1. Identify all aspartates and glutamates with a Cα-Cα distance to LYS168 below 19 Å; exclude those on the same chain that are fewer than 8 residues away in sequence.
2. Let me check I've understood the local charge: for LEU118, count other residues with C-beta under 12 angstrom from its C-beta, Lys and Arg +1, Asp and Glu -1. What total comes out?
3. What span do the alpha-carbon atoms of the chain cover on each of the three principal axes, reported in whole Å from largest to smallest?
4. May I ask you to list the aspartates and glutamates whose Cα is less than 14 Å away from that of LYS251, ignoring any residue fewer than eight positions away on the same chain?
5. Starting with the fewest neighbours, write out PHE188, PHE181 ranked by other beta-carbon atoms found within 10 Å of each beta-carbon.
6. Let me know the volume per residue of the alpha-carbon convex hull for region 116-187, in Å³.
7. Most exposed first by the Cβ proxy, i.e. fewest other Cβ within 10 Å, how do TRP256, TRP35 rank?
8. Go ahead and estimate [θ] at 222 nm for the chain from helices alone: -39,500 (n - 2.57) per DSSP H run with n ≥ 4, summed, over the residue count, rounded to 500.
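Here, each number is a calculation from the coordinates, and none is a lab measurement. Computed from a predicted structure; not experimentally measured. We place every Cβ from the backbone using ideal geometry, glycine too, and count neighbours over all the protein chains shown.
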Amino acid sequence: MDINFPLILVVLTFATGLIWLADRLFLRPRREAAWQQSGAAAASGGDASGGKAGAEEERAGPPEPYLVDLSRSFFPVLAIVLVLRSFLVEPFQIPSGSMLPTLEVGDFILVNKYAYGLRLPVAGTKILDIGDPERGDIMVFRYPEDGTTNYIKRVVGLPGDRIGYRNKTLYINGDEVPTRFVANLPPFQMLEEQLGDVEHLIYRNLGSMRGAGEGEWIVPNGHYFMMGDNRDNSNDSRFWGMVPDEMVVGKAFLIWMQWPSLTSLPSFDRVGPIDG
């Protein structure tokens, strides 16, 4: 079962904020009034020996309930994390090899959340249009078939494009996408592909020239056609269709750590900008 961390973060932020606000506006004044009344009653009782201590307690005010103290402490932290994660930058880890050789399993990446417009957390509704995905971008999005799982692929098709994939060759609007042979790295062949202004490396499996997921597609308005750089080992738009704009999360732009498993040590050898 996938944990919906953005939803949990939103709920915790609003819950702690409401508790803190309710205490500030309603509960705290009542608590202080009751505290002052109890202090006045103690003073009128004539207990001279406890006068000094009582005065100090009165100046300190009544103790906060544990839940209020906890909410007051955590709300600012949660609010800052929510703003940063929802509107600026969000970290992700690469779980599979579908974007090889560009991204490796265990790469920790940063995703620009405002490159394609500001969106409401959880709902994904765009509230400020800043820019649109461009061909060649590496984009994080929510898997259209469940709406929650985060996927990462490269933007190949823009709204209105006609995408074709035959014999492991990519076509956009009838034109073959330029590639250049780089090396044979069995079981892969490495090629350099030119997608718009973006040059990047892709893998194709050596062997049969016939590839999986062949066909031709028209990209509807408000949708994007996504493909992995590891062309024969990627579950992408060739198999489950287009990504609607409301599923867009952001643009991947930086690798900041490589840590494939808990049994290995983190590495910073791959730190740097991401192609595309």
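1. The qualifying aspartates and glutamates are GLU176, GLU192, GLU193, GLU199, GLU214, GLU216, ASP229, ASP232, ASP236.
2. Numbers: positive: LYS113, ARG119, LYS126; negative: ASP129.
Its environment carries a net charge of +2.
3. Projected onto the principal axes, the Cα atoms of the chain cover 98, 43, 32 Å.
4. List returned: GLU90, ASP132, GLU134, ASP137, ASP275.
5. Numbers: PHE188 19, PHE181 9.
By the 10 Å Cβ count, ascending: PHE181, PHE188.
6. Details: hull volume 11.4 nm³, N = 72.
Considering the Cα atoms of region 116-187, their hull volume per residue is 159 Å³.
7. Numbers: TRP256 13, TRP35 16.
Ascending Cβ contact count within 10 Å gives the list TRP256, TRP35.
8. Values: 5 runs with 67 residues, N = 276.
Using -39500 (n - 2.57) per qualifying helix, the result is -7500 deg cm²/dmol.
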